[in-house]
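The values are calculated or read from the model by the stated rules, or taken from the named source; none is laboratory data. The structure presented is a predicted model; accordingly, all values stated were derived computationally and were not measured. As a convention, Cβ positions derive from the backbone with ideal geometry for all residues, glycine included, and neighbour counts pool all protein chains shown.
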Amino acid sequence: MTELVATEIRGKIGIIRLNRPPVNALGQALRSAVAEAHLRLDADPAVAAILLTGTGRFFSAGADITEFSGGRRHPYLTELIAQLENGTSSVIAVANGMAFGGGFELILGCDYLYVLPEATLAFPEIKLGNIPGAGGTQKLPRLIGGPRALGLILSGDPITAQEAVSLGIADRLVADLDAAVAFATDAVAAGLPRRRIRDRNVPGHPDELAAAAAPFLRRARGALATAKGIEGVRMAYDTPIDEGLLWEQQTFAALNASPESKAQRHIFFAERAARKIADLPADTPKRRLATAGVVGAGTMGAGIAMCMANAGIPVILVEQDQGRLDTGLARIRRTYEEALGKGRISSAEAEARLGRISGSVDMQALADADLVVEAVFEAMEVKRAVFTRLDAICKPGAILATNTSTLDVNEIAAATGRPQDVIGLHFFSPAHVMKLLEVVRAETTAPEVIATAMDLGQRIGKIPVLVGVCDGFAGNRMFINFNREAQILIENGALPWQIDRVLTDWGLAMGPLSVMDLAGLDIGYAIRKERAARRKPSDPYPFTTADRLAEAGRLGQKTGRGWYLYPENARRGLPDPEVEALIEAVSREKGITRRPVSDEEILHRCLWQLVNTGCQILEEGIAQRASDLDVIFVNGYGFPRPRGGPMFFAELTGFDRVAAEVERFAAEVGDHWRPSALLLEAARTGRLDAAA
Ligand code: NAI
């Protein structure tokens, strides 16, 4: 085993190098090794100052979050930091790479900071529903003032070495460790004084904080960690440091135990777990993927082309005729111009991205593409025709992908003589923005095609989740049942505005009725008509009111009226007595006696539909693990991260309780509530993946 820290002495400078691959996570063993090395060098009369640095790309990624759920062991990070502060020698941190969270706090316990050009600093705790817990909220304001400190603590975003110097966090930029040692040697010769951040006062006045906090409060929508971050920085102004540090530690522990932090840690690990494919060895070869093609330059095709171009992959966009191609390319250009206008990308970057996208009305142009993504109209005969052509045109080994959201990928694959090369890449709209990518594995898809597609997903900045073929795959199959339940609730006695309020209060960005108004009621109406023939007579059909609204031309926001009223294009709808009357009339026609529906019933019926359907999906092997379904909902359907996704929420609630309610709904509401065998099993064992 390699040493956890390497120490050496150069001249009068003692060096401690953290050396715990891969990220120098500050677990107990590393903390203990650093404490021991510091003690030794600090006691050495030949050492005048101590340099603390990391290895490779990391200074330290911070706490070892696998330790969060177990008991902590000494020395705590706070104790290690106090030891550095209470030692005799000045400690100079040399940030060689990423210094995140506890790594950054270790730096704030040092007297000085030198940064290498590759260094980045961040407090990502907020992204896991927490605040820095080892001095960050108390010391950073003392170093750079409250408003700037707040920006770092509440955004969680990293800053570069140069920014660290400009903000006054770092004392100097150095080329490498040798340069750092040389500067330290000179500084010692000039009588380098101790300079503990903890001894300083926060510059400025606490009143300055309100303006800095406002945008974060708006976005956080009541998230506890944001409020606590602000409270902590506010305290730094006038609370003795030890009192502030104690408050911070206690708050960190309390937030760590909160459901919202647990949920965010769950999603953090779930997103990493989603990359692993059980039956695919890690050494599965991947195909070369240097160029791409997209068929169809509509809403999705244009977005998918941008995903490729943004990741540096040249892409050819193919349309049926020049007019539609020009429209698609113009849409792409407009998107880049908007990004440029908002300062999100530079003009050089916009040009480079645009330059990677070319267009053609001849499918033959795709002959050399390593990957082709089809995004034409959602009709089997159209898709099959496109795949038959692609089979004839594309080079051997090219990956042929479909962006279908509802059609059978096996059937599409069978339209080619190379079904092993066919896979689903289900992007979400807008494709260049949404993080989720459902990678749909057909029965015949080759392992290396799956591995390449998962890899591509990451390369283009998506979160790829592997699913199998079924109607709606994982996400839409669950979501359709969620939406259907909202409609049944309306027939039972709830009103659209009650349902939307309950779900947005819970944390959804928008309720299902507002979403229908935004998308346009004609869209769902057309899909329902198209699918009418395939509907089983036993399936509930609670869309009568929605159909009537669409037939009356109440199409939602775009017509100023839908489920809600939108006077003068207001984006938030107002309840409409006419809609209420229509709902009541439909219930009467169907012989339904309307009853008051509680908020809890609304919440649980919508969410447990997701959970019960999710369990069926797991049972059928369509998804690999319950947490993948959470990743899908958080990244593709606007589910709140601080809730951790529907399956996690069910686990927190208790699968036994969920199953009991599902059984009750099956008896009282309808047969579509029949509990999945897997859910019943989880109710017994308390765990879903153990049951799967
Ligand atoms: P769209 O109607 O905006 O675009 C389809 C485009 O394909 C049209 O521009 C059309 O001219 C072109 N096209 C049709 N046949 C063609 C052919 N033989 N060769 C070249 N181009 C052809 O449709 P949208 O919304 O972009 O959907 C495309 C696919 O993506 C569908 O399968 C849809 O189910 C799927 N999808 C759509 C999502 C959405 O939110 N719109 C989300 C996820 C998937």
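Numbers at a glance
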| item | result |
| --- | --- |
| Some residue of the range 285-292 being within 16 Å of the ligand (Cβ to nearest atom) and either surrounded by 19 or more Cβ atoms within 10 Å (Cβ to Cβ) or closer than 30 Å to GLY468 by Cα (or both) | yes |
| Selected residue [part of a helix (DSSP H, G or I), away from the ligand (no atom under 16 Å from the Cβ) and over 24 Å from LEU437 (Cβ atoms)] from GLU338, GLU351 | GLU351 |
| Among the candidates ARG548, ARG528, ARG534, ARG571, residue that is of a type in the set (Lys, Arg) and modelled with pLDDT of 95 or more | ARG548 |
| The range 34-80: number of residues that are within 16 Å of GLY102 (Cα to Cα), assigned to a helix (DSSP H, G or I) and in contact with a strand residue (DSSP E or B) (Cβ under 8 Å, 6 or more places away or on another chain) | 1 |
| Near pairs, Cβ below 8 angstrom, 6+ apart or cross-chain, from the range 189-213 (more than 14 Å from SER90 (Cα to Cα)) to any residue that is at pLDDT 95 or above and loosely packed, with under 14 Cβ neighbours inside 10 Å | PRO206/ASP238 |
| Helices (runs of 4 or more DSSP H) wholly inside the range 222-311 containing at least 3 residues that are of a type outside the set (Lys, Arg) and not assigned by TED's automatic domain parsing to the domain that holds LEU390 | 224-238, 241-256, 259-273 |
| Residue list for the range 26-57, filter: buried (at least 22 other Cβ atoms within 10 Å of the Cβ), under 36 Å from the mean Cα position of the chain (by Cα) and of a type in the set (A, V, I, L, M, F, W, C) | LEU26, VAL34, LEU52 |
| The range 157-174, residues that are buried (at least 18 other Cβ atoms within 10 Å of the Cβ) and free of Cβ contacts under 8 Å to residues at least 40 places away in the same chain | ILE159, LEU167 |
| Looking only at the range 434-470, and only at residues there that are in contact (Cβ under 8 Å) with a residue 40 or more places away in the chain and among the β-branched types (Val, Ile, Thr), the one that is nearest to GLY312 (Cα to Cα) | ILE460 |
| One residue from THR445, THR388, THR406 being polar (S, T, N, Q) and crowded, with 19+ Cβ neighbours inside 10 Å | THR445 |
| So LEU113, is it in a strand (DSSP E or B) and in contact with a helix residue (DSSP H, G or I) (Cβ under 8 Å, 6 or more places away or on another chain) | yes |
| Residue identified as modelled with pLDDT of 95 or more, among the aliphatic types (A, V, I, L, M) and closer than 19 Å to PRO675 by Cβ among VAL631, VAL611 | VAL611 |
| Contacts under 6 angstrom Cβ, first residue in the range 471-495 being within 12 Å of PRO542 (Cα to Cα), partner surrounded by fewer than 21 Cβ atoms within 10 Å (Cβ to Cβ) and among the polar types (S, T, N, Q), 6 or more apart | GLU491/SER587 |
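Conditions tested, residue by residue: (1) in contact with a strand residue (DSSP E or B) (Cβ under 8 Å, 6 or more places away or on another chain); (2) assigned by TED's automatic domain parsing to the domain that holds ALA650; (3) among the charged types (D, E, K, R).
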position	(1), (2), (3)
TRP506	no, yes, no
LYS536	no, yes, yes
GLY562	yes, yes, no
PRO567	yes, yes, no
SER598	no, yes, no
